[in-house]
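A.B. asks: Questions regarding the structure given below will be posed in turn.
Here, each number is a calculation from the coordinates, and none is a lab measurement. None of the values given here were measured: they were computed from a predicted structure. Cβ placement follows ideal geometry from the backbone for every residue including glycine, while neighbour counts extend to all protein chains displayed.
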């Protein structure tokens, strides 16, 4: 932003630069703390919509409650309305805090990446599935935006992927 000081609408320029390089932006743990955040993020959401940049937002706060009781919140209400009008809002609250399940006996880091630790990880994940581990499907191919993405395995609504399969570009 400092490099664009003096420009008429620096956020518009930034959004257009994003469009040159990306199609999807994810704001994880989206939270509005003050009026400056509200105004900046509100403008970015509007520009991303105009430029057809896909926006994925995760938050512990429902959109209608963003910046609740904030100073001059009325100026942010149009952004909340845009979010409700243009995005699918999913409530993923299962009622369980998975961070607290079996934490006394579980390691959070498995290293090195080897067969033994992969088996431990699968066993840990199977605890959260409603199906039996003998129903695991191996090497499942998902077709997403004309791209084949191979899952190592799929069980119920849980899938395991190799990091490079998801995150390393196949278009280089």
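A.B. asks: For residue 50 and residue 82, calculate 0.36 nm times their separation in residues minus their Cα-Cα distance, and state this gained length in nm to one decimal.
C.D. replies: Details: separation 32, 0.36 × 32 = 11.52 nm, distance 1.14 nm.
Using 0.36 nm per residue and subtracting the Cα-Cα distance, I get 10.4 nm.
A.B. asks: Who wins for biggest fluctuation among 80, 141, 89 in a Gaussian network model of the chain, springs between alpha carbons below 10 Å?
C.D. replies: Result for the chain, Cα springs under 10 Å: 141 fluctuates most.
A.B. asks: Let me ask something additional. Given the DSSP H assignment, sum -39500 (n - 2.57) over each helix run of at least 4 residues in the chain and divide by its residue total; what's the result at 222 nm in deg cm²/dmol, nearest 500?
C.D. replies: -9500 deg cm²/dmol
A.B. asks: Here's something else I'd like to know. Could you tell me the relative contact order of region 7-86? Use alpha-carbon pairs under 8 Å, at least six residues apart, and round to a whole percent.
C.D. replies: On the way: 77 pairs, mean separation 29.5, N = 80.
In percent, rounded to a whole number, it is 37.
A.B. asks: Here is a further query. Determine how many Å³ per residue the convex hull of the Cα atoms of the chain encloses. All intermediate terms of the calculation are to be shown ahead of the outcome.
C.D. replies: Details: hull volume 34.1 nm³, N = 172.
Enclosed volume per residue, from the Cα hull, is 198 Å³.
A.B. asks: Just to check, using Stokes-Einstein with a Kirkwood Rh over alpha carbon pairs, what's the diffusion coefficient of region 7-86 at 20 °C and 1.002 mPa s in µm²/s?
C.D. replies: D = 164 µm²/s.
A.B. asks: Can you sort 90, 135 by how many other beta carbons sit within 10 Å, fewest first?
C.D. replies: Neighbour counts put them in this order, fewest first: 90, 135.
A.B. asks: While we're on this one: Relative contact order of the chain, please, whole-number percent, based on alpha carbon pairs below 8 angstrom and at least 6 residues apart.
C.D. replies: That works out to 13 percent.
A.B. asks: Multiply the residue gap between residue 163 and residue 61 by 0.36 nm, knock off their C-alpha separation, and tell me the result in nm, one decimal place.
C.D. replies: Using 0.36 nm per residue and subtracting the Cα-Cα distance, I get 33.9 nm.
A.B. asks: How would 67, 87, 47, 111 line up from fewest to most surrounding beta-carbon atoms within 10 angstrom? It would help to have the intermediate numbers written out before the result.
C.D. replies: Details: 67 23, 87 15, 47 19, 111 7.
Going from sparsest to densest Cβ surroundings: 111, 87, 47, 67.
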